[in-house]
Structures are given as C-alpha cells and as structure tokens.
C-alpha cells in the first residue's frame, strides 16, 4: 500500500466527524442527481407515451391520390432503407355514420393491419371485452361509443358511408385507449372491412410507422423523402408537435442544469473542506517533509483523500438515491394502484452519477494537493 494512501487514511480517521460530514454531503449530491435525473426521465417517458407513444410518428401519403395500391413496396423499401424504423403498417381510414335505428353519429372507421400496427396502437392491451376482428365485417368500438349507442359485443351495428352505402357490421370487442375523444370517435377494424364497406379494392390511405429514437423522427423522415422521391408527402411528429418538442427539450435542459449545480456544490464543498484540512495538518506535513517525504507524495495524500471520500460518498449516494426512488414508486400511486410516474432504474445512469462524484472529488482535491506541495517544512515547523 503506498505511503501517501496510508497517511490519507490516517488523516481521515483522525477527523471522523469531518470525514463523515463530507461523505454525507457527497452522498446527498449524488442521490439528488440520481433521483431528479431518473424522475425527469420517467416524466418524459410518460409524457411521450401518453401523447405520441400510441400514434404514428412518421406517416407517408401519396401526393396525387387519396388512396394508393403500392403500399407494400413502400413498407419494404422504407424498412430496408433504415433499421431505425419499427412497426411499419398500412392504414385505410374512412368517415362513417354509425348507430342504431334510434340514433347515429359520425365516427372515423380505421382500417388497420392489426398484426403490424399492434406495436403502434397496442389494440390487444386496450381491449376491455371481446376480441380483435378475425373476419371481414367485424369491428371494435370504443367504451364511450358503446355506452352512447347502447350496444355490446356480438351485436350488429348499422354503418352508413358518406357515398350512401349501407353495411351491417358485428361488434367483436370493446376498447379503451384512455382518451375519451378516441373512445367516442373511432371504430377499429381491418383494412379489408373498410374496403368492403366502401366498395374499394386493396388500397391504403397511408403508411404509418414508429421510430426507435423518437427524437430522430425528423431526420429519418427527410431521408425517406429523398429515398421515395417527390411523389410522396411525409409527416413526422416533431414538425407537427413543436410545443410538445419544446417542452421535452425544456425538461432535458432543466435536468442537466440541476445536475450541474449539484455537481458544482459538491466540488466546492470538497475543495473548501480539504483546503482547511491542509491548514489543520500543515504541521504534520511539515514534519513529514523534514523527514524526507517528497512534494509529490504530499500532494498524493490529498488526492487519495479525495478518492476515498468520493468513493465512499458515491456508493452511499447510489444507495440513498435508489432508496428514494423505491420509496417514491412505492408510495406515489394512482387510485387504481398504478405508479404516478413510471420510473425506470437506469443502471448506467446511476453508475455514471456515482462516477461523476468520484471524479469530482478527485478534481476538488487538486487545489489542496497543490497547496500542500508548496509548504516549506522549515517555515511550518518554525511558525508552529
């Protein structure tokens, strides 16, 4: 074990109260950084999931046609072009009037490729009762629409198209997306059912997809536009939701700013305390130098002190931060028992926060280390 390390340990043990206080200060800084960082990450994830997590993040339309037949080629070309795209599927939407003989209302009949679009809309998870449409002529209706038209699973519903066609469709299931407007205004079915109801061939109105990194949607959409040419119109969620994007960026910036201020506070606290330690231990350092210890070794004493304090404070901070997160997720619950904010324990972020504390502690010890190397043993001993 290096001599400087042994002396550093001895100095820390001789001032246990001070050592514990510094370690706790570092631990509190690390725990705040972990808690605030992961809390904001959870808020962002919940906000994204609520707003755009269950919608198409990039949508491709053909410019000159309302519907088009070459959607499979587009899906294949887009999927092969960029592996950042996921859940590519075609959709055919049409407005219809739906209801019973007593009442009816205008809704949007969404014809999906249910297997492909499951990753986007998570229709299976949203089923309240019944099952997904398995045959042409079956539909899903929202919970709120079901209550309005007073029909249930297995009942037939009358559908009137905008061009005067009539159809009788069977309700195979009830869904609840958690959004009243969607539950009232959507009918979900297969693309084939919409085509049959309107007397169309195998067409699609758009190709929908999501991306692995939501903040890369605009970049990917521009690349797709170059690949597919001028015949297609491509929308992405970032251009359509500027206010949401601004809010998400604001959350990220606030998280970074909080972590920076916490880091600065930790660094200044360690540097100031270790600087005082140099004054407190100057006589001992002077004696050690008179006995032959080198300036470099004297400096290393305080670097090792910073390392030990940073390591102890970092480990304690990780434990404290993780404990705060466990308590928050355990007690902050909605009335239905679900977490208010779904916080993911990001091991990489937690370890990174601990490493920042360690590096900061060592960096903070550079100032007192440099000061100790300049101490003159003769003057220190002479002045007491």
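Below, the figures for the structure above:
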quantity	calculated
Members of segment 121-145 found to be on the phi > 0 side of the Ramachandran plot and under 33 Å from the mean Cα position of the chain (by Cα), listed by number	122, 130
Candidates 24, 12 - the one that is surrounded by fewer than 20 Cβ atoms within 10 Å (Cβ to Cβ) and over 11 Å from the mean Cα position of the chain (by Cα)	24
Matching helices (runs of 4 or more DSSP H) fully within segment 140-252 where at least 3 residues are under 30 Å from residue 104 (Cα atoms), modelled with pLDDT of 85 or more and touching a helix residue (DSSP H, G or I) at 6+ places or on another chain (Cβ under 7 Å)	143-149, 180-185
Total residues in segment 59-99, condition under 25 Å from the mean Cα position of the chain (by Cα) and either touching a residue at least 24 places away in the same chain (Cβ under 8 Å) or at positive phi (or both)	8
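The values are calculated or read from the model by the stated rules, or taken from the named source; none is laboratory data. Please read these numbers as outputs of a predicted model, since none were measured by experiment. Using ideal geometry, Cβ is built from the backbone for each residue, glycine included, and neighbour counts are taken over all protein chains shown.
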